[in-house]
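What follows is a set of notes on a single structure, which appears directly below.
Read-outs: derived from the displayed coordinates by stated rules, not from any lab. Bear in mind the structure is a predicted one, so any value in this text is a computation, not a measurement. Quick reminder, even Gly has a Cβ in these numbers, built from the backbone with ideal geometry, and neighbours come from all protein chains shown.
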Amino acid sequence: MTYETSTSFREESQLLLTRAEQTGLRLALACRSAITGAAFFWYVFAAFLFPEVSPRYATIAVLLAFTAVGVAHLAVIGTSYDRPWIKFLIYALDVLAICATFALVPISRADDIPQIIAFRSYGIYFLFPLLAMACLSLSWRLVLWTGGVIIFGWWAAFTWIVAQMERHLSWSDIPFGATLHDYETVFLSIDFIGRGNRIEETGMVFFATLALAAAVYRARAVFFAQVAADLDRRRERSLRERVSDLLGKHVPQAIAEKMIADETPLKPQRSFGSALVMDIAEFTAFSALHEPEYVVEKLDKFLADATRVVSKQGGVVITYLGDGFLATFNAPVLVDSPEHSALRAANDLIGIGANHGFKIRVGIATGDLVTGIIGNETRQSFTVYGDAVNLASRLEGACKDLATSILMDEQTHRAVRHAQQTKRLNDVTIRGLARDVVVFAPEIAS
């Protein structure tokens, strides 16, 4: 992996992870706001359900403030006002606010009830939802931070309360071999602080924090692995497309795609198909009348449209021959009725040529074709062999002498004669063949 690629991966991975973190944080804050909002309504309406309960205005103001803080944070996530430290501050405020509630909000209206009863009546489980919601942010640092603040705040509140007590008892005050009376005297005392219980609670929070942070860290690793796999797939697909485009400029696009898909050189294949050779009539005279740049531009546009016509009929342009090309049907890409496909392509090419101001000559021959890759380890090309290729080329050249635009051999004629009217022309002498060749032309192409 190159430096540029690895940098791009880190940037895109971080962007995707940031979005996932923001989504999780929004969900956590939505839960937080729902909880504080529910607590507010419960605290207010409890006075109507239980007449002996009278809500404190300070508590109502605190609940409203924390609900508003959550909503405000929810609104700035993902905006230019968002900062990484904000979520750490919000979670710290939530934790310390709950701990302060245990330490400062009186458990009873009676002045002689110590605040330590709040620890004995409720417990640290009020803080676990904050630890769980921190996991939604997909930030293991936030999980560790929240767990650490919980432990700090819980012990700070406990220490504050114990410091206010004139007398306190704990498990260590129960004598060895204690009787029931000893347990009742210590454990049921209003001054029992249960320091050992606080140690157990914070120990539970500590190990839960480590486990949850490890789980979030693992989830991030899985997330990065998924992103890396997705980027690899996209990179491979992009590379294949670039290679296909590059190869498509030197070999037929269908062959390039097949080479990329198989990842092995194409072995020679024999098939029965049709060869089509197309050429522009009097192109030399056309070139002499125009500037080279105009000629090349004109030819490029025509050949592009002509290639699309061949592809539409299932053919493959094997090679470009100056101002024309050689195309095959059913070799190597399979098509039904290659003779019909070749003749339809030839008829369409006549129309495409007219649209571009050219007169086209086409030769079609059918027979055995052998396609495959030739060359050495450093340079290879795709080509096609067979008598049909040579014959199609000769027929294209004979179109001028026979005053027709399309010529086909007898093999092609036998396959298409029921689909299109044809006429037999003078036999053609083909160099290298012992006998003359019977040729045919479509009626509409004469």
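For Arg414 and Asp300, FRET efficiency with R0 = 51 Å and r from the beta-carbon atoms, rounded to 0.05?
After rounding to 0.05, the efficiency reads 0.90.
Got a sec to turn the phi values of region 270-276 into Karplus ³J(HN,Hα) couplings, 6.51 cos²θ - 1.76 cosθ + 1.60 with θ = phi - 60°, whole Hz, x for Gly and Pro?
So the Karplus estimates, Gly and Pro as x, are 9, 8, 9, x, 10, 10, 10 Hz.
When the Cα centres of region 165-198 and region 202-228 are compared, how far apart do they sit, in Å?
Spelled out, the Cα-based centre of one part sits 39 Å from the other.
Can you tell me which of 90-99, 346-355, 169-178 comes out highest on packing, and rank the rest after it, using the mean Cβ neighbours within 10 Å?
90-99, 346-355, 169-178
Arrange the peptides 184-194, 317-327 so that the one whose residues have, on average, the most other Cβ atoms within 10 Å appears first. Before the final figure, lay out each step's value.
Working: 184-194: 15.5, 317-327: 19.4.
Put in order of decreasing packing, that is 317-327, 184-194.
Kindly flag which residue pairs out of Lys312/Lys423; Lys400/Lys423; Lys312/Lys400 have an alpha-carbon separation exceeding 20 Å in this structure.
Distance filter (> 20 Å) returns Lys312/Lys423; Lys312/Lys400.
Looking only at region 408-423, which residues have a backbone nitrogen under 12 Å from a spot 7 Å from the Cα of Asp387 in the C-beta direction?
From region 408-423, the list is 410-411.
Compute the length gained on full extension between Ala211 and Gln22: take 0.36 nm times their separation in residues and subtract their Cα-Cα distance, giving the result in nm to one decimal.
Length gained, Ala211 through Gln22: 65.8 nm.
Using per-residue counts of other Cβ atoms within 10 Å, averaged over each peptide, order 225-237, 145-157, 25-37 from highest down.
My ranking of the peptides, most packed first, is 145-157, 25-37, 225-237.
Could you give the length gained by full extension between Asn426 and Phe283, i.e. 0.36 nm per residue of separation minus their alpha carbon distance, to one decimal place? Numbers along the way, then the final one.
Values: separation 143, 0.36 × 143 = 51.48 nm, distance 2.56 nm.
Result: 48.9 nm gained on full extension.
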